[in-house]
Structures are given as C-alpha cells and as structure tokens.
Amino acid sequence: MLNLSAEVSELYDILKEKKNFRSTKSLAIVGGNTDGKTSIIQSILQFAIKDDRDDFYYIDPCNRGVSRVKETSMMFKDFAPKDILSERMKSNSRKRADRFYLDEDGASVAYHELCENYENYRELLSSVLGFTFSFRKRASQMISGDPDILVAYRSGVSDDVNSDSNFDEECSIEDLSSSEIARLRMLMEIDYAVKEYGANVIVIDEFDAYLDNNSIASFYDSLCVNYSDTTFVIVIHNIECIVLLENIDVLLLTKSIKCNDGYSSLRFSADDINDSSQLYKMQSRVNTNKISKLELSLQAAIRDYLELGEKNDITEILKECEQDNKPARVKILIDYWERLTNGD
C-alpha cells in the first residue's frame, strides 16, 4: 500500500539528486482519473517551490495551444521558470487556464514566440514534427500585429531538414490537428526551458492529451534523443501505451476503496514489458483493496459449498463492506450465495 507522503518525499529526493527511479532517470506516472497522479506531481512541485528551485519546469494540462487569442508582446524570455511554476500551480488549483505568468495567455505568448524566434526552432520542429513555417501579413492587419502563420509538411524527398524545397503546399496553422498543436507547444516550451533556463526536470501533466499510443511513444522518443540529459516526469492515463515506451520507469497507481492513504502503487521499467497482458497482471497486483478480498472470499465460500458441501459463515465477510459500496460483481455473488444456501 502506498503512503502518499512518503512516496512524494522519495520521488522528490530522487529528482533532486538526479538518481534513477529504477533503471532510468525519467518516470511515467500512470493511472485513472481519480488514482492520485496529479496529487503526486503537485506535491512534488510544491517541494520544488518551497526549496526555491529554478531547474524544475512544469507544463500543465492546459498548456497545449498555439493561437492568436489576443495580441501580446511577451515571449518566453520574459518569464522566469519559478514564476511559471508558481503561476501554473495556482492556476491548477484555482481554475483551468493556459498561463505563463499573471494574465498572459499561454497560447498567444507561444504564437508570438514562434513568430519572433522561429529560426531558433526551425531545425528542431522540422525534424521532430515534420513541418516548417512561414509568415504572411494580412492586408487588413496592423503593422504591429503578428502575421498569419503558414505550415508546410515535409515531403521526405531529402534528408536536409533546412531545405524549403522539401516541403509541400502550405496551409494555415489553424488547420493543424489538436495532436500536432499539442506537440508543437510542448516541444517549444521544453526546448526553451532546457536551453535557456537550464531546466533539469520537466514535469508534464496529461502528456497523452490529444495523442494516440503511437504518437505518445514517438514523441517521447524524440524528447529522449534531443534532451538526453533531461529528466522527464510524464503523467498518462492509458496503460496500454507503456508497451511502446522505452527508456522510462513506471509508477502504476490504482485507488483503493478501503484504505487510509487511498492509493496503491507498483514500480517497474517499461523496458521489461513485452505485451499488454503483462500490464494487466501488474495492475491486478496493485489492486489489493477490501472489495477485491471480499469478492475472493465469496468465491471461495461458494466453491466450498458446491464442491465440499460446507457452508461457511460469511457474516464477518459481509460486514467488511456496506451494501452501497459493493460493485455489481459482488452483489451478484451475494445474491447467488443466498439463493444457493436458501433453507440450509
């Protein structure tokens, strides 16, 4: 059973000291919507804020847009990592908002950053995402405003990622898919955080938002290649994608129904996983709550009655869980037991 406070303290110490979690220095925290993933990373980041660390960088679930929501003159260089971390932690607890600092809209800042500093990202975006950008002023646009951003996908004719001749017909940035925009925004922030801020730890909540399993794996692989000295802590929901991940350790969470801490966990390396069936076996090992034990006890009682003719006293077993908390499977077993032993 996971003691949440002890787990968070241990994870934070590992990150500070740049140690391996198990076999690698990066970690995927995997679980359902109420299994405690965000609670763990927010507690870790609160430690970082308390220690006044400037090498922790946080990308929260809202930081996925690149669009001209409103005009701004702010760019990434105008914000300090500690300010970004503190603001995003406040935004997460207060409301869901894409922010860098104070009221600066994140999507607009990213759009302006791309317009002003594209040459700094050109090669990276081309090699990782497979497209390049150009910029065009609209006739009706104010001189001071940002231009329209046009996107061209790489055709794959040449290995020279800097050659504009290798790109197909342009389209508007608004025509990119949610997955492409999400990866573009994360990649820009990661690149700037590592190269300009010197960030050693990048924490990304809901890393899998807008991404399918293959995109999750390929994007994470590209991060490992381009930022080999950086520690990534990513939060994901879909356990199946772990089969495709490499060079990352996993903290698998499930929420226990009847325990004081409310959490159970299991650690392993993604490199040790060969197929999804292994994942589900691991997940079942974590799920050790009293509901599961109750179900097993009922199954054993029914088996003993059918095979041996022995009627076990399950009064104490039934007291372990109130009727309202019983899942359908347990209710079916109880109903079957009562009908099976009726009159005995």
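Taking interchain pairs and intrachain pairs at least six residues apart, which have beta carbon atoms under 8 angstrom, with the first residue in region 208-226 and at negative phi and part of a helix (DSSP H, G or I) and the second open to solvent by 20 Å² or more (accessible area, probe 1.4 Å) and of a type in the set (K, R)? Final answer for the pair search is S215/R183; F219/R183. Only residues that are closer than 20 Å to I149 by Cβ, out of contact with any helix residue (DSSP H, G or I) (no Cβ under 6 Å at 6 or more places or on another chain) and touching a residue at least 40 places away in the same chain (Cβ under 8 Å) were counted in region 69-84, giving 2.
Within region 28-41, being at pLDDT 90 or above and either in a loop (DSSP other than H, G, I, E, B) or within 11 Å of V203 (Cα to Cα) (or both) holds for A28, I29, I41. Of all residues in region 25-40, one or more are more than 15 Å from the chain's Cα centre (by Cα) and open to solvent by 10 Å² or more (accessible area, probe 1.4 Å). Checking each residue in region 56-83 for being open to solvent by 40 Å² or more (accessible area, probe 1.4 Å), over 25 Å from K16 (Cβ atoms) and basic (K, R) picks out R68, K70, K77.
How many residues, within region 174-207, are outside any helix (DSSP H, G or I), aliphatic (A, V, I, L, M) and open to solvent by 10 Å² or more (accessible area, probe 1.4 Å)? Break it down into steps so the answer makes sense when it comes.
From region 174-207, those outside any helix (DSSP H, G or I) are 176-177, 196-207; that's our starting set.
Imposing the further condition that a residue be aliphatic (A, V, I, L, M) reduces the set to 176, 199, 201-204.
Next cut, open to solvent by 10 Å² or more (accessible area, probe 1.4 Å) only: 176.
Residues meeting the conditions: 1.
The values are calculated or read from the model by the stated rules, or taken from the named source; none is laboratory data. Since the structure is predicted, the reported quantities are computational estimates derived from the model, not experimental observations. Virtual Cβ from ideal backbone geometry, glycine too; neighbours counted across all protein chains shown. Areas reflect the complete protein model, heavy atoms only, side chains present, ligands, DNA and RNA absent. Shrake-Rupley method; radii C 1.70, N 1.55, O 1.52, S 1.80 Å.
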